[in-house]
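Input: a single structure, listed below in structure tokens.
Any read-out appearing in this document is the output of simple, stated calculations on the displayed coordinates, not a laboratory observation. A quick note: this is a predicted structure, and the numbers were derived from the prediction, not measured. Cβ coordinates were reconstructed from backbone atoms using ideal geometry, including for glycine residues, and neighbour counts include every protein chain displayed.
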Amino acid sequence: MISVAIMGHGVVGSGVAEILATHKQKLFAAIGEEINVKYILDLREFPDSPFADRFTKDFSLISEDIEVRVVVETMGGLHPAYEYVKECLSKGKSVVTSNKELVAAYGAELLAIASEQNANFLFEASVGGGIPIIRPINQCLVANNVSEIAGILNGTTNFILTKMIHEGMGFDEALKLAQELGYAERNPEADVEGHDACRKICILASLTFGKHIYPDAVHTEGITKITAADVEYAAVWGGVIKLIGSVKKLDKDTIDIIVAPMFVPGNSQLANIDDVFNGVMVRGDCTGDVVFYGKGAGKLPTASAVVADIVDSIKHIKSRKYLSWADSDNSSVLPFEKSVRAMYVRGVTDDREAAYDRAAAVFGDIHRLSKDNAPEGEIAFITEPLPYEEFESKLNELSEIKAESVIRIGDL
Ligand code: HSE
């Protein structure tokens with residue numbers, strides 16, 4: 001029998017306890033040992049829980065107990081999750097977490113401690129919820145040179161954009177619905193401003209390219225400025241707007257990494273990933289594109305990934321999994337101003353034809369977009385690919401156009 005502890009009995013933590021109970025036989029068959037949930041750490045009381053006798057508020061009971069070989073961290077947030085995880089790893093316990101904020105902020109350090117202690121630090125659930133993505137990149141695709149990863153990594157914003165695209169809702173109405181359905185938090189900032197997706201693309205980039213990429217080095221834009229008009233112009237262009245986390249390897253020392261809303265062509269594998277679903281495309285030199293799709297959030301999907309990591313940790317209790325990356329100073333991140341993409345512009349002008357001519361004179365080839373219900377004086381067009389700093393300076397030259405929206409075009 002192997003004893004584990006679960007720190008945090010929220011949505012994911014309670015799902016982990018539930019799966020360990022409901023899938024006991026299945027898990028026993030997989031590892032040949034029974035998994036005993038010895039402690040559940042939470043400040044709240046759960047007198048009606050079937051695990052009521054396992055609850056504790058005392059972290060030291062877990063960290064000091066040598067019988068506890070695997071600790072699950074599903075508390076979320078950075079503190080005290082970081083301190084608790086660090087202490088458990090330092091004592092040689094393996095740690096499994098769903099906490100993307102923790103991995104994105106301290107992954108390199110925690111992986112190094114795990115390595116010193118011959119313990120495992122696993123976090124399959126931190127990206128894509130129930131979708132296998134960390135293990136496939138680390139193991140199944142290890143023979144590939146991966147040149148690019150791009151994905152819809154946040155379910156809440158994908159739900160909001162789906163409602164805007166298919167039901168014509170405005171951003172505020174779609175956000176309110178997402179909150180009513182329990183997808184969006186009361187304070188939705190981490191999701192709608194792109195921070196959650198940023199943490200996830202940082203984890204994938206760190207894993208793929210072997211150097212820790214910290215979220216504050218990544219240009220991040222959310223979806224709060226997307227309007228119904230932009231959604232309609234994207235449809236005219238032949239695509240949809242999605243919040244994309246993207247990382248491309250430019251050369252051996254440089255990656256282009258960003259989180260931003262992008263026009264995604266209708267024939268892209270990412271274009272039809274709707275509602276709260278996530279999708280991640282990994283471009284390998286041997287495999288070509290591999291796409292992972294499924295539920296990126298939610299109690300049981302996310303807990304399923306956590307339990308898989310528990311099983312893996314138990315199976316590798318004496319042999320560490322080779323999951324690691326080096327720390328870094330973010331110097332491999334291309335400044336976002338240098339990043340090359342085609343751009344969509346929507347703006348207002350006094351004289352449409354003259355403004356289009358001026359835009360063509362400044363940007364070179366442009367692709368005009370027009371829609372039936374456009375207000376008087378509205379123009380929209382797409383430029384050829386160019387570095388962002390050049391785009392900005394050219395847009396500033398266009399004094400006859402007051403830009404209301406600029407969105408990147410994803411080559412996806
Ligand atoms: N808030 C996240 C999302 C939860 O909407 O995708 C899963 O990480």
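Return the FRET efficiency for the residue pair SER90, ASP275: r is the Cβ-Cβ distance, R0 is 30 Å, and the value is rounded to the nearest 0.05.
Values: r = 41 Å, r/R0 = 1.38.
The computed FRET efficiency comes out at 0.15.
For region 288-319 and region 247-262, what is the separation of their Cα centres, given in Å?
26 Å
Any idea what the alpha-carbon Rg over 2.2 N^0.38 Å comes to for region 339-409?
Numbers: Rg = 11.2 Å, N = 71, 2.2 N^0.38 = 11.1 Å.
Rounded to two decimals, the normalised Rg is 1.00.
Give me the extension gain from VAL348 to ASP253: residue separation times 0.36 nm, minus the current Cα-Cα distance, reported in nm with one decimal. Please report the intermediate quantities before stating the final value.
Details: separation 95, 0.36 × 95 = 34.20 nm, distance 4.11 nm.
Extra length available between VAL348 and ASP253 comes to 30.1 nm.
Just want the answer: with Cβ charges of +1 for Lys and Arg and -1 for Asp and Glu, which residue in ILE203, SER94, LEU161 is farthest toward the dipole's positive end in the chain?
Ranked along the dipole, the leading option is SER94.
What FRET efficiency comes out for LEU43 versus GLU185 if R0 is 22 angstrom and r is the Cβ-Cβ distance? Round to the nearest 0.05. Mind dumping the intermediate values first?
Details: r = 19 Å, r/R0 = 0.88.
The formula returns an efficiency of 0.70 here.
Lys and Arg at +1, Asp and Glu at -1: add these up for the other residues within a Cβ distance under 15 Å of THR349 and post the number.
Numbers: positive: ARG346, ARG352, ARG358, ARG368, LYS402; negative: ASP350, ASP351, GLU353, ASP357, GLU376, GLU378, GLU397, GLU400, GLU404.
With Lys, Arg at +1 and Asp, Glu at -1, the neighbours total -4.
Counting other Cβ atoms within 10 Å, which trypsin sites (Lys or Arg not before Pro) in region 176-263 have at most 16 and lie in a DSSP loop? All intermediate terms of the calculation are to be shown ahead of the outcome.
Details: sites: LYS176, ARG186, ARG199, LYS200, LYS211, LYS225, LYS242, LYS248, LYS249, LYS252; in loops: ARG186, LYS225, LYS252.
Answer in residue order: ARG186, LYS225, LYS252.
Relative to the present Cα-Cα distance, how much length would full extension add between ASP411 and LYS338 at 0.36 nm per residue of separation?
Details: separation 73, 0.36 × 73 = 26.28 nm, distance 1.64 nm.
This chain segment gains 24.6 nm when fully extended.
For region 339-409, what does the relative contact order come out to in percent, with C-alpha contacts under 8 Å and a separation of six or more?
Working: 117 pairs, mean separation 38.8, N = 71.
Relative contact order, region 339-409: 55 percent.
Please compute, for the alpha-carbon atoms of the chain, the extent along each of the three principal axes and give them in descending order in Å.
Cα extents, longest axis first: 76, 46, 34 Å.
Can you tell me the alpha carbon radius of gyration of region 17-102 divided by the globular rule-of-thumb value 2.2 N^0.38 Å? Working shown, then result.
Numbers: Rg = 13.4 Å, N = 86, 2.2 N^0.38 = 12.0 Å.
Rounded to two decimals, the normalised Rg is 1.12.
Share of antiparallel DSSP beta bridges in the chain, in percent to the nearest 5?
Working: 47 of 72 bridges.
So the antiparallel bridges amount to about 65 percent of the total.
Using a Förster distance of 30 angstrom, determine the FRET efficiency expected from the C-beta separation of ASN267 and GLU390, and round it to 0.05. Kindly include the intermediate steps, with their values, before the conclusion.
Working: r = 28 Å, r/R0 = 0.94.
With R0 = 30 Å, the Cβ-Cβ based efficiency is 0.60.
Per DSSP H run of n ≥ 4, the term is -39500 (n - 2.57); total these for the chain, divide by its residue number, and report the mean residue ellipticity at 222 nm rounded to 500 deg cm²/dmol.
Details: 13 runs with 144 residues, N = 412.
After summing the helix terms and dividing by the residues of the chain, the value is -10500 deg cm²/dmol.
Find the centroid of the Cα atoms in region 173-214 and in region 54-124, then give the distance between the two in whole Å.
One Cα centre to the other: 22 Å.
Using label points projected 7 Å from each Cα along Cα→Cβ, tell me how many nm separate ALA403 and ILE66, to one decimal.
Taking the two extended label points, one gets 6.4 nm.
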